[in-house]
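Contents: one structure, followed by commentary.
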Amino acid sequence: MSKIPLRKAIAAALLLGLFAGLPADEAQAQMTVDGPLQITWEVRNRFRLFREERDFALHAESARGRSVLASEQALALQSDGRGWARNMVNRLCIDLAGRVSEPCTRDNVKESYLTPIDHAVVVRLAGAVPVGATCAWTFDDGEGPQSSTFDCAEPVNNRVRYGRTTVATVEVSSSEGTQRISTEIAVRDILIAGLGDSIASGEGNPDRPIALSDEGFCFRYYLSTAMAQYYRPSRANYKGGRACEAPDSLQVWQRQSALWFNPACHRSLYSYQTRTALALAVRYPHIAVTYLPLACTGATIADGLFGSQGARECPPSKSNAPCRTKVNGQLAELREALAAAKGRQPDRTLDLILLSIGANDIYFSGLVADVIVDYPTERVLFRRSGVIASVEDSRSALTNDLPRGFGKLREALKPLVGGDLSRVIFTSYANPALAGSGAPCPGGPAGFDVHPSFNADPQRLASVAGYVDNEFLPQLRAMALCERGIICRDPRADRMTFVDAHQQTFAAHGFCARAQTDPEFDRECFSPKGESFNTDLVTAASQPMLCGRSASEYRAYLPRARWIRDANDSYFSAMTYPQGLPANMQPSDIHDATWGVLSAVYGGAVHPTAEGHAAMADAAVPAAASVLQLDAGVPEVVSQPIRPFGQR
């Protein structure tokens, strides 16, 4: 018997990783080299959130030799900016209400999502395969071997038991003789949970963006005469009243909503947490990833992680079921899922938590409102209702409330990860208001003129950008890593794994970034002077864009210099009707001033684009792989010639 050196086995495994997403025939062709014969294998459709392998294959092929960001950009161009998730969103193992499908039918096989009992694998013979050779395959997981014979050029599809090692053996027969090769197949199924707020959920990036109309839709101003109105693009296929004097029912309007894979929390497949989990599955062919997304837009530590929170929106259902206005606390949801999993598989554990939280705890959305709401009337009303917050308000929460809440969260997460908080990957935020070289965006109405009262005030903007860079982000790091006087019971054991490598990259991609490579519609129709829309009511009713082009030409997912959604992007991508608002903030009808303001920001203004989330995933993936030790050793491949019949 001879053993192929470990160095060569590792090289072969790395080669397999490069070809993991290729079609079987192409992968076989590229791996048929002059090297020794060996068995290679990979898990099929190994991102288990996807019900259909074609969806995983699309990402595996796109990711070949690319970063997550480069893959996202390639997929964006491939879809003409309409987004790769627009059809996948209907093919998941989690429904729109956030319920896990148990069982979930994946590639025509019913599987338990949280506790799989087996995994589909594809096995190949690689190396210098003799022409015309036949392969007698045997797979043995300890309960009796299963045998079959194929042409050696053919891949073998099989299902292997979860939690067991299957020995794969092949006898290669050709005119050159017979040789036996064997290897071990052991699938590691990794359970990952995503927790946190809007940055974690993917806010700003609906899986299926809103479709826009060429015609205008009327909104009113606050506390103004009946003639104080303005028009912005309407939703495509909306048949109701578009003039302010012709109100219509909310249900008619909502039928043309953007689609999220969980509308109540604005969870999106574009979120950095989903892209991180997916990237791990793509890059490591011997694992499967079971991903449980629980993050929710608007979450704080108290209201969202520990306690329930208001639903973001509730599109009408076909059954006209009543809307759930509350979303359960994420920690309770996670504990319930783990208890159900352990009830079926006692050894099932949570391998990793992806976490981003804290922005809502220090009133970040209030800071944004303080920067962009410029009209005195709106500022007075929003301050009275608590929508606007100052840096002083935020600093007080950052100093007093957030550390206490974070300490409580730390203790709650410990038992979920077996006491090892390094298994919590805390991915920090990026400063959304930088123009490069650390300078803040200059301000002004550009990117925010979708509402007449919006204007990014330069002084307030610079103040908030400086506060985020110099106080908020360093404090988050200190809390996650038990630094700068943050009290932790055991600093060495209580440190989370902290990720912020993306922050420097984001510094040149704030909401004010513009480039000649931006989409043509953006360059022609989103005015750098804030003059994007017709102000003449008669003209705007039929043609709201001043550039004369159709709003339907906007593409939410084309690559852009800015990785932060501005208010124009938010309206053109999501145009969300506000659901989880206090009664005194609810719009009285679909044309009123509250709806006009919130439809411009409630779908993700000042949140990362899909490119921004991909850049965050590129920072998080190496940290996750290190914690999970996915680059650990590769089993040796054993090869030996078979003695002629009758010899011992």
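Summary table below
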read-out	value
Spin-label pair Asp420/Thr149, simplified geometry with 7 Å Cα→Cβ offset, distance in nm	4.6
Coil-residue trypsin sites (Lys or Arg not before Pro) of the range 160-214, DSSP, other Cβ within 10 Å capped at 16	Arg164
Within-9-Å neighbourhood charge of Ser428 [Cβ basis; K, R +1; D, E -1]	0
Orientation-averaged projected area, Cα convex hull of the chain (nm²)	31.1
R0 of 35 Å, Cβ-Cβ distance Asp95-Asp347: FRET efficiency to nearest 0.05	0.80
Separation between Cα centres of the range 361-431 and the range 78-151, rounded to whole Å	41
Translational diffusion of the range 443-579, µm² s⁻¹ [Kirkwood Rh, Cα pairs; Stokes-Einstein; 25 °C; 0.890 mPa s]	138
Accessible carbon and sulfur surface of the chain relative to its total accessible area, %, 1.4 Å	51
Separation in nanometres of the label points that stand 7 Å from Cα toward Cβ, at Arg549 and Glu520	0.7
Using a Förster distance of 51 Å, the FRET efficiency for Asn400-Glu52 (Cβ separation, nearest 0.05)	0.55
Prolate/oblate/rounded call for the range 192-261, Cα gyration tensor, a/c under 1.5 rounded	prolate
Length-normalised contact order for the chain - Cα pairs under 8 Å, 6+ apart - percent	19
Diffusion constant of the range 157-196 at 4 °C, which comes from Stokes-Einstein with the Kirkwood Cα-pair radius and 1.567 mPa s, µm²/s	98
Theoretical FRET efficiency, 1/(1+(r/R0)^6), r = Cβ-Cβ of Ala246 and Arg492, R0 45 Å, to 0.05	0.10
Partners for Lys342 among aspartates and glutamates (Cα-Cα distance below 15 Å; same-chain residues under 8 apart left out)	Glu102, Asp189, Glu333, Asp351
Spin-label proximity, Asp107 to the range 159-179 - amide N less than 14 Å from point 7 Å beyond Cα toward beta carbon	159-161
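The values are calculated or read from the model by the stated rules, or taken from the named source; none is laboratory data. Small disclaimer: the values here were computed from a predicted structure and weren't measured. In this analysis, Cβ positions are derived from the backbone assuming ideal geometry, glycine residues included, and neighbour counts consider all displayed protein chains. Remember, those area values only see protein heavy atoms, side chains included, never the ligands or the DNA or RNA. Shrake-Rupley method; radii C 1.70, N 1.55, O 1.52, S 1.80 Å.
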